[in-house]
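Trainee: Structure below; questions to follow.
The values are calculated or read from the model by the stated rules, or taken from the named source; none is laboratory data. What you are looking at is a predicted structure, and each value in this text was computed from that prediction instead of being measured. No Cβ is skipped: glycine too gets one built from the backbone with ideal geometry, and neighbour counts run over all protein chains shown. When the accessible area is computed, the model is the full protein with side chains, heavy atoms only, and any ligands, DNA or RNA have been set aside. Shrake-Rupley method; radii C 1.70, N 1.55, O 1.52, S 1.80 Å.
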Amino acid sequence: MITTRFAPSPTGYLHIGGLRTALFSWLWAKKNKGKFLLRIEDTDLSRNSDEAVEAILEAFNWVGMSYDGEAIFQSKRFDIYKKYIQQLLKEDKAYRCYMSREELDTLRAEQMARGERARYDGRYRDFKGTPPEGVNPVIRIKAPKDGYIRFNDGIKGEITIASSEVDDFIIARSDGTPTYNFVVAIDDALMGLTDIIRGDDHLYNTPKQIVVYRALGFKIPNFYHVAMINNEQGKKLSKRDGATDVMEYKKMGYLPEALLNFLVRLGWSHGDQEIFSIDELIELFDPKDINKSSSNYNLDKLLWLNSHYIKNMPNSKLATLLKEYGVDIENNSKLDLILNATKERGKTLVELVNQINLILKAPEEYDKKASKRAFRGEAKEILKRFIILLKSWDKPLDTPADYHRVLKKFVSDNNIGFGKIGQPLRVSLLGSMTGSGLDEIMAILGVDEVAKRVNRALISLKVN
RNA sequence: GACCCUUUCAUCUAGUGGCCAAGGAUAUUGCGUUUUCAUCGCAAAAACAAAGGUUCAAAUCCUUUAGGGGUCGCCA
C-alpha cells in the first residue's frame with residue numbers, strides 16, 4: 001500500500017507550488033488506492049496561526065482534494081519526539097553540545113572564509129569532561145563521519161552526498177523542543193509513509209533525515225523531489241509575481257479543475273495530452289514522469305484551460321457557481337439561452353459575469369466610438385422600421401432562430417446589408433459594438449425589452 | 001565561497017543512439033467562418049545552451065565551459 005502526505009507549515013495561505021506537490025501526492029495515493037495524509041508542521045510555535053490552517057483546508061476543499069483520517073499536528077506530539085531523543089542519548093547516538101550561538105557564528109564565518117562549506121565541527125561529539133557552567137545544551141545527532149549517504153530519488157535518480165557534508169545537526173534546541181529534520185523523519189516513519197513527494201528545496205534535508213531513520217531503525221521511504229516553479233523570468237516565484245495564493249484563483253474566476261489541470265502539466269506530462277479530467281489523472285499519473293528541471297509559471301495556458309472548462313461545463317452547474325460571483329440566474333427560464341450566448345466569451349467566471357450583465361442590464365451609457373460609427377446616415381430610420389416589423393411579427397418569437405428570421409426578412413425587404421441594422425441595433429441593446437450574437441440577445445430580452453432599449457437609444461443618441 | 005540539482009521553440013512539454021533536416025499545446029502573426037467581438041477551422045514563424053569527444057549514426061552517452069535553481073539556521 002502506498003501512503004503519501006502533504007506537510008505544510010501553517011504560516012500563511014496555501015501557495016500554488018504547495019498545491020502542486022500536494023496534488024502529485026494526492027494523485028499518487030489515489031492511483032494506488034492508498035492513503036493521503038495531512039500533517040501540520042507547527043513546531044515553531046511563534047510563527048504559526050490557526051487561520052493559516054483554516055486557509056489551507058479551505059483551499060483543499062475548493063479544489064476538491066481531501067485527506068484520509070485526521071490531520072496530525074506536530075505541536076501535539078512533543079512527548080513522542082522527546083521519547084526518541086532520550087532513546088538516542090541513551091544509545092549514545094546523540095549527545096549534548098555546549099557551544100554557544102556566538103561560538104557557532106564565529107565557526108561558520110571562519111569556515112566560509114576558508115572556502116569550506118559551513119558546518120558543525122563535532123567538538124562535543126565525544127566530550128567526556130565537565131560541561132561549561134550556565135549553558136543549556138542543544139542535542140545533536142551523530143551523523144556518519146566517512147563515506148557517502150546515497151538514496152535513489154524517484155525523479156532525479158541516484159543522489160550521492162558525502163557524509164562530510166552532513167554535520168551532527170541539532171535535533172533538540174536548548175529549550176528542549178525538537179527540530180524540523182528530526183520530527184519530520186519520525187512522523188513520516190510513524191505515519192507509515194511509503195512515498196514522499198516534496199519540493200526539491202528539501203533535497204539537502206533528505207540525507208539528514210536518513211541519518212535519523214537509520215539511528216532509529218526506521219524503514220527509509222521512497223523520495224521524489226519535484227523541481228520548483230519559477231516566475232516567467234525564471235526566478236523564484238514570489239508574492240511580487242502576482243497570485244501565489246490558491247484562493248486568489250477562485251476570486252479571479254478560475255475553475256478548480258482548470259487550475260489543477262494547469263498545475264499538473266507544470267512539470268508532469270503524458271505524451272501530447274493537454275486536457276485531463278481528475279479521473280484520468282488518477283489513472284495516468286506516475287511520479288516517474290515528472291520532469292527533473294524547474295518550470296516557469298505562465299498564466300496564458302491556465303486562461304486557455306479555464307475557458308475550455310467553462311465552455312464544457314453543464315449550464316446548470318455553471319449557474320450555481322456564478323451565484324458566488326454576483327449573478328443569480330439559477331431559476332431564470334432562459335438560463336440555457338443566456339449561458340450559451342456568453343460562455344464562449346468569458347475566459348474566467350468574472351468575465352462571464354460581465355458578459356451576462358452586459359445583456360441583462362440595460363446599457364447606462366453608450367460607447368462613444370461605437371455609437372458614432374453605428375449611428376450614421378439613416379440608422380435611426382432603419383431602427384424604427386425594424387421595431388415596427390418586430391412588433392407586428394405574427395409568428396412565435398422565442399428562439400434565436402425566430403429572431404434571425406425577422407432580421408433576415410428585414411434586410412431583404414429593405415435591401416440593405418446586415419451591418420446596416422446590426423450595428424445600430426447592437427449599440428442600442430448593449431451600448432457597445434462587441435458581444436454576443438444579436439439573435440441570442442434578442443431571444444433573451446424579448447420583444448418588449450428590445451423595443452424599450454431601442455427607443456431609449458433613439459432618444460439619447462444623435463445621428464451624425 | 002563550498003556542495004547538490006538542472007539546461008529542447010517566448011512558455012509548458014514529447015523525445016532514453018537510427019523512426020527527428022525534432023512532434024504537440026499555449027501565446028504570437030496571417031487567412032477563412034461570423035452583422036460585431038469571441039469561439040471555431042486552416043496556415044506561418046519559432047528550440048536540442050556552447051565546445052570538444054565516443055560511434056557507421058547523438059537532442060539522446062562522456063568531458064569541459066556557461067546559464068538557472070537550491071542548500072550551507074537552536075526556520076520549516
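Trainee: What is the Cα radius of gyration of region A:1-136 over 2.2 N^0.38 Å, N being its residue count? Intermediate results must be reported in sequence, preceding the final value.
Mentor: Numbers: Rg = 20.6 Å, N = 136, 2.2 N^0.38 = 14.2 Å.
Cα Rg divided by the expected 2.2 N^0.38 Å: 1.45.
Trainee: Considering only DSSP beta bridges with both partners in region A:193-329, what is the antiparallel share in %, to the nearest 5?
Mentor: Details: 2 of 9 bridges.
Approximately 20 percent, going by the DSSP bridge assignments.
Trainee: Got the relative contact order for region A:77-136 handy, in percent, Cα pairs under 8 Å and 6 or more residues apart? It would help to have the intermediate numbers written out before the result.
Mentor: Values: 26 pairs, mean separation 19.4, N = 60.
Worked out over region A:77-136, it gives 32 percent.
Trainee: In addition: Pull up the DSSP beta bridges for chain A and report the antiparallel fraction as a percent, rounded to 5.
Mentor: Working: 16 of 30 bridges.
If I count the DSSP bridges inside chain A, around 55 percent turn out antiparallel.
Trainee: By how many nm would the segment from A:Arg456 to A:Ala162 lengthen if fully extended, with 0.36 nm per residue of separation less the alpha-carbon distance? Spell out each step's value before the answer.
Mentor: Values: separation 294, 0.36 × 294 = 105.84 nm, distance 8.06 nm.
Value of the extension gain: 97.8 nm.
Trainee: Also, quick follow-up: Across region A:2-14, in residue order, what do the Karplus-derived ³J(HN,Hα) couplings come to in whole Hz, using 6.51 cos²θ - 1.76 cosθ + 1.60 with θ = phi - 60° and x for Gly and Pro?
Mentor: Along region A:2-14, the couplings run 9, 10, 10, 7, 10, 10, x, 9, x, 10, x, 6, 7 Hz.
Trainee: Taking a ≥ b ≥ c as the square roots of the eigenvalues of the Cα gyration tensor of region A:324-464, is the shape rounded (a/c under 1.5), prolate (a/b larger than b/c) or oblate?
Mentor: Numbers: a/c = 1.99, a/b = 1.34, b/c = 1.48.
Cα axes put region A:324-464 in the oblate bin.
Trainee: Counting only residues 5 or more places away or on other chains, whose amide H sits under 5 Å from the amide H of A:Ile196 once H atoms are built in the peptide plane?
Mentor: Residues meeting the criterion, in which the H sits 1.01 Å from N, are A:Asn222, A:Phe223, A:Tyr224.
Trainee: Moving to a separate point now. Report the local net charge at A:Val63: Lys and Arg +1, Asp and Glu -1, summed over other residues whose C-beta lies under 12 Å from its C-beta. Walk me through the numbers on the way to the answer.
Mentor: On the way: positive: A:Arg20, A:Lys250; negative: A:Glu58, A:Glu257.
My count for the surroundings of A:Val63 gives 0.
Trainee: Over what distance in Å are the Cα centres of region A:344-402 and region A:408-448 separated?
Mentor: Between the Cα centre of region A:344-402 and that of region A:408-448, the gap is 6 Å.
Trainee: For region A:130-196, calculate the relative contact order in percent as a whole number, restricting contacts to Cα pairs under 8 Å that are 6 or more residues apart. Kindly include the intermediate steps, with their values, before the conclusion.
Mentor: Working: 70 pairs, mean separation 20.6, N = 67.
Computed over region A:130-196, the figure is 31 percent.
Trainee: I need the calculated FRET efficiency for the pair A:Lys219 and A:Ala401, taking r as the beta carbon distance and R₀ as 60 Å, to the nearest 0.05.
Mentor: On the way: r = 68 Å, r/R0 = 1.13.
So, using R0 = 60 Å, E works out to roughly 0.30.
Trainee: Once amide H atoms are placed 1.01 Å from N in the peptide plane, what residues at a sequence separation of 5 or more from A:Lys236, or on another chain, have their amide H within under 5 Å of its amide H?
Mentor: A:Asn231
Trainee: Also, quick follow-up: What are the residues whose amide H is under 5 Å from the amide H of A:Tyr148, where those residues sit 5 or more places off or on another chain and H is modelled from the backbone?
Mentor: A:Ser163
Trainee: Run the 1.4 Å probe and let me know the accessible area of A:Glu344, rounded to the nearest 10 Å².
Mentor: Roll a 1.4 Å probe over it and A:Glu344 shows about 140 Å².
Trainee: Can you give the relative contact order of chain A as a percent, counting alpha carbon pairs under 8 Å and 6+ residues apart?
Mentor: Working: 670 pairs, mean separation 58.1, N = 464.
In percent, rounded to a whole number, it is 13.
Trainee: Shifting gears a bit: Tell me the net charge near A:Ala443. Cut-off is 12 Å between Cβ atoms, A:Ala443 excluded, with +1 for each Lys or Arg and -1 for each Asp or Glu. Walk me through the numbers on the way to the answer.
Mentor: Numbers: positive: A:Lys334, A:Arg405; negative: A:Asp336, A:Asp398, A:Asp402, A:Asp439, A:Glu440, A:Glu449.
Combined, the nearby Lys, Arg, Asp and Glu give -4.
Trainee: Mean projection of the alpha-carbon convex hull of region A:11-68 over all orientations, in nm²?
Mentor: Values: hull surface 16.1 nm².
For region A:11-68, averaging the hull's shadow over all directions gives 4.0 nm².
Trainee: Using per-residue counts of other Cβ atoms within 10 Å, averaged over each peptide, order A:19-30, A:430-441 from highest down.
Mentor: On the way: A:19-30: 25.0, A:430-441: 18.8.
For the peptides A:19-30, A:430-441, the packing ranking is A:19-30, A:430-441.
Trainee: Rounded to a whole number of µm²/s, how large is the Stokes-Einstein D of region A:219-377 at 10 °C and 1.306 mPa s, given Rh as the Kirkwood radius over C-alpha pairs?
Mentor: Values: Rh = 18.5 Å.
Roughly 86 µm²/s, to the nearest whole number.
Trainee: Measure off 7 Å from each Cα along the Cα-to-Cβ vector at A:Met247 and A:Asp121, then give the distance between these two points in nanometres to one decimal.
Mentor: 5.0
Trainee: What number does region A:335-392 give for Rg over Rh if you use C-alpha atoms and the Kirkwood radius?
Mentor: Values: Rg = 15.0 Å, Rh = 13.8 Å.
Answer for region A:335-392: 1.09.
Trainee: Relative to the longest principal axis of chain A, what angle (0 to 90°, nearest 10) does the C-alpha long axis of helix A:438-460 take?
Mentor: In chain A, helix A:438-460 runs at an angle near 70 degrees to the longest axis.
Trainee: Then there's this: With the Cα gyration tensor of region A:151-194 giving a ≥ b ≥ c as the square roots of its eigenvalues, does the rule (a/c under 1.5 for rounded; else a/b larger than b/c for prolate; else oblate) give rounded, prolate or oblate? Intermediate values should be presented prior to the final figure.
Mentor: Details: a/c = 4.10, a/b = 1.35, b/c = 3.03.
Note, shape of region A:151-194 comes out oblate.
Trainee: Taking θ = phi - 60°, what integer Hz values does the Karplus form 6.51 cos²θ - 1.76 cosθ + 1.60 yield along region A:289-298, in sequence order, with x for Gly and Pro?
Mentor: Karplus-based 3J(HN,Hα) across region A:289-298 equals 8, 7, 5, 7, 9, 6, 10, 8, 8, 9 Hz.
Trainee: Checking a compactness column here: for chain A, what do you get for Rg(Cα) / (2.2 N^0.38 Å), N being the number of residues? Spell out each step's value before the answer.
Mentor: Values: Rg = 32.1 Å, N = 464, 2.2 N^0.38 = 22.7 Å.
So chain A has a normalised radius of gyration of 1.42.
Trainee: Follow-up. Antiparallel versus total DSSP beta bridges in region A:98-234: what percent is that, nearest 5?
Mentor: Numbers: 9 of 15 bridges.
Looking only at bridges with both residues in region A:98-234, the antiparallel portion is about 60 percent.
Trainee: Could you go through region A:217-226 in sequence order and give the Karplus-derived ³J(HN,Hα) for each residue, using 6.51 cos²θ - 1.76 cosθ + 1.60 with θ = phi - 60°, rounded to whole Hz, and x for Gly and Pro?
Mentor: 3J(HN,Hα) across region A:217-226, in whole Hz: x, 8, 6, 7, x, 7, 10, 9, 9, 8.
Trainee: Hey, if we sort A:Arg265, A:Arg108, A:Arg240, A:Arg405 by accessible area with the 1.4 Å probe, largest down, what's the order?
Mentor: Result of the area sort, largest leading: A:Arg240, A:Arg405, A:Arg108, A:Arg265.
Trainee: A further question follows. Which whole-number value in Å³ per residue fits the convex hull of the alpha carbons of region A:128-257?
Mentor: Details: hull volume 25.9 nm³, N = 130.
Convex hull of Cα atoms, per residue: 199 Å³.
Trainee: What accessible area, in Å² to the nearest ten, does a 1.4 Å probe give for A:Arg376?
Mentor: 140
Trainee: While we're looking at this one, here's another question. With every protein chain kept in the model, how would you rank A:Met191, A:Met112, A:Met252 by accessible area, 1.4 Å probe, largest at the top? Show your work: numbers first, answer last.
Mentor: Values: A:Met191 25, A:Met112 130, A:Met252 75 Å².
My answer, sorted largest first, is A:Met112, A:Met252, A:Met191.
Trainee: Oh, and also: As a test of the formula, what do you get for chain A when each DSSP H run with n ≥ 4 contributes -39,500 (n - 2.57) and the sum is divided by the residue count, at 222 nm and rounded to the nearest 500 deg cm²/dmol? Working shown, then result.
Mentor: Values: 18 runs with 214 residues, N = 464.
Helices in chain A give a 222 nm mean residue ellipticity of -14500 deg cm²/dmol.
Trainee: Please compute the per residue accessible area over chain A with all protein chains in place, 1.4 Å probe, rounded to a whole number of Å².
Mentor: Values: 23210 Å² over 464 residues.
Result: 50 Å² per residue.
Trainee: Ok, one more. Let me check I've understood the local charge: for A:Phe276, count other residues with C-beta under 15 angstrom from its C-beta, Lys and Arg +1, Asp and Glu -1. What total comes out?
Mentor: Working: positive: A:Arg20, A:Lys30, A:Lys31, A:Arg265, A:Lys301; negative: A:Glu257, A:Asp272, A:Glu274, A:Asp279, A:Glu280, A:Glu283, A:Asp286, A:Asp289.
Here the count lands on -3.
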